[in-house]
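Single-structure report; data block below.
The values are calculated or read from the model by the stated rules, or taken from the named source; none is laboratory data. Owing to the predicted nature of the structure, the values given are computational and were not obtained by experimental measurement. Cβ sites come from the backbone with ideal geometry, for glycine too, and all protein chains shown count toward neighbours.
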Amino acid sequence: MKILIADDSRVMRQIVIRTLRQAGYDDHDIVEAEDGADALAKVGSESPDLVLSDWNMPNMTGIECLQALRAQGSQVPFGFVTSEGSPEMREKAANAGAMFLIAKPFNEDTFKEHLDGVIA
Amino acid sequence: MTSTDTGQRRRLSDSRPVITDLMDEATILSVAEEAWISLVGEEEVLVPLPGDLPGDVLSSWVDVVGPWTGSVVLTTGRATAEALSRALLREAAPEVLELEDIEDAFGEIANVVGGSVKAALPGPSALSLPQVGHAPLVRNPGDVCRVDVLWRGEPLTISVQGALPPLPVSH
């Protein structure tokens, strides 16, 4: 399975990768994107099976990326990993087609809770 | 019937909350502790004790814009910011950390702490991208909630501070 991780923070991408491993999802290909625009391009070029994206990023936000993907007809499974988890944002994410929203700070249990059944 | 302007309506519309109306030090400490456990490590503790910051400090912050507008600012010695960055990166930390790595890691801690502070404030609010450098000035000393902690014995402050000047006092 190929997982695309989009976050403008390299450190946070490392932490997400580490948490995936700690949660037991350690045998997957990881592709990194540094903002929403990069993620949008890499969904096209890399054909990931899942996108884990930050919300607040320069150039193109995570929600703009998701909306652009759905407008293009892509149905790639998409979840947010973000420092903001207000009810309004969760509703906006769900309406745009996100499967889940993991709010930072998170741990491996949070990942398991949301990703079991999503990651084979 | 004539109405008299008592100033009540004007005073109500002019009122805006200061941070101490909305949260206390215990909430900020709790938010910071959760961020530390998640990002820095499960064994990492913040001791709520003040310490003397060194001369060479670095700050990271995010801005919150909404019913309450201000910044969530972390300040610590530059060496402690570097140690924090290494702790976040763990085995991925290079032998020599670039300034970019420190800004990224220290900024991300402010981002996570700021996101949790925002969640505890009345909304809707917007959160900025993190910034690193010299801390924004305190505009209104009455609109600040600050926690002093020690991490691995080194001082660090978390200041949730309003960005707006004080309102004029009515006489």
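Please determine, by comparing only the residues of region B:91-134 that are within 7 Å of another protein chain (Cβ to nearest Cβ) and surrounded by fewer than 19 Cβ atoms within 10 Å (Cβ to Cβ), which one is nearest to residue B:61 (Cα to Cα).
Of everything passing the filter in region B:91-134, B:129 is nearest to residue B:61 (Cα to Cα).
Hey, can you tell me all the residues within region B:89-117 that are over 18 Å from residue A:56 (Cβ atoms) and part of a helix (DSSP H, G or I)?
B:89, B:90, B:91, B:92, B:99, B:100, B:101, B:102
Assess whether residue B:137 counts as being modelled with pLDDT under 95, more than 11 Å from chain A (Cβ to nearest Cβ) and surrounded by fewer than 19 Cβ atoms within 10 Å (Cβ to Cβ). Working first, answer last.
Details: modelled with pLDDT under 95: yes; more than 11 Å from chain A (Cβ to nearest Cβ): yes; surrounded by fewer than 19 Cβ atoms within 10 Å (Cβ to Cβ): yes.
Here the answer is yes, as residue B:137 does meet what is asked.
Checking residue B:123 against (1) small (Gly, Ala, Ser); (2) in a helix (DSSP H, G or I); (3) within 18 Å of residue B:17 (Cα to Cα), only one condition comes out false. Which one?
Of (1) small (Gly, Ala, Ser); (2) in a helix (DSSP H, G or I); (3) within 18 Å of residue B:17 (Cα to Cα), only one is false for residue B:123: (2).
Return the residues of region B:126-143 that are assigned to a loop (DSSP other than H, G, I, E, B) and under 26 Å from residue A:106 (Cα atoms); say none if nothing qualifies.
B:128, B:129, B:130
Looking at A:70, A:90 in this structure, which one is touching a Leu at 6+ places or on another chain (Cβ under 9 Å) and of a type in the set (Lys, Arg)?
On the way: A:70 fails: touching a Leu at 6+ places or on another chain (Cβ under 9 Å).
Going through A:70, A:90 in turn, the sole match is A:90.
Quick one: residue B:38 ticks every box in (1) in contact with a helix residue (DSSP H, G or I) (Cβ under 9 Å, 6 or more places away or on another chain); (2) part of a loop (DSSP other than H, G, I, E, B); (3) modelled with pLDDT under 95 except a single one, so which number is it?
The number of the failed condition is (2).
Each row is one residue, and each column tells you yes or no for (1) at pLDDT 95 or above; (2) of a type in the set (Phe, Trp, Tyr); (3) more than 24 Å from residue A:83 (Cα to Cα).
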residue	(1), (2), (3)
B:113	yes, no, no
B:119	no, no, no
B:127	no, no, no
B:146	yes, no, no
B:152	yes, no, yes
B:159	yes, no, no
B:165	no, no, yes
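With respect to residue B:50, determine if the residue is more than 13 Å from chain A (Cβ to nearest Cβ), over 23 Å from residue B:129 (Cα atoms) and under 17 Å from the mean Cα position of the chain (by Cα).
Yes.
Please determine, by comparing only the residues of region A:1-44 that are modelled with pLDDT under 95 and of a type in the set (D, E, K, R), which one is farthest from residue B:99 (Cα to Cα).
A:27
Residues of region A:72-120 being free of Cβ contacts under 8 Å to residues at least 24 places away in the same chain, more than 14 Å from the chain's Cα centre (by Cα), away from chain B (no Cβ under 14 Å) and not in a helix (DSSP H, G or I), which ones?
Within region A:72-120, A:72, A:73, A:116, A:117 meet the criteria.
Output the number of the condition that residue B:76 fails; it satisfies all remaining conditions of (1) within 17 Å of residue B:41 (Cβ to Cβ); (2) in a helix (DSSP H, G or I).
The one condition residue B:76 does not meet is (2).
For residues that are surrounded by fewer than 18 Cβ atoms within 10 Å (Cβ to Cβ) and among the hydrophobic types (A, V, I, L, M, F, W, C), tally how many sit in region B:63-82. Walk me through how you get there before you give the answer.
Kept after step one, since they are surrounded by fewer than 18 Cβ atoms within 10 Å (Cβ to Cβ), are these residues of region B:63-82: B:65-67, B:69, B:78-79.
Applying the additional criterion that residues be among the hydrophobic types (A, V, I, L, M, F, W, C) yields B:65, B:79.
Number of matching residues: 2.
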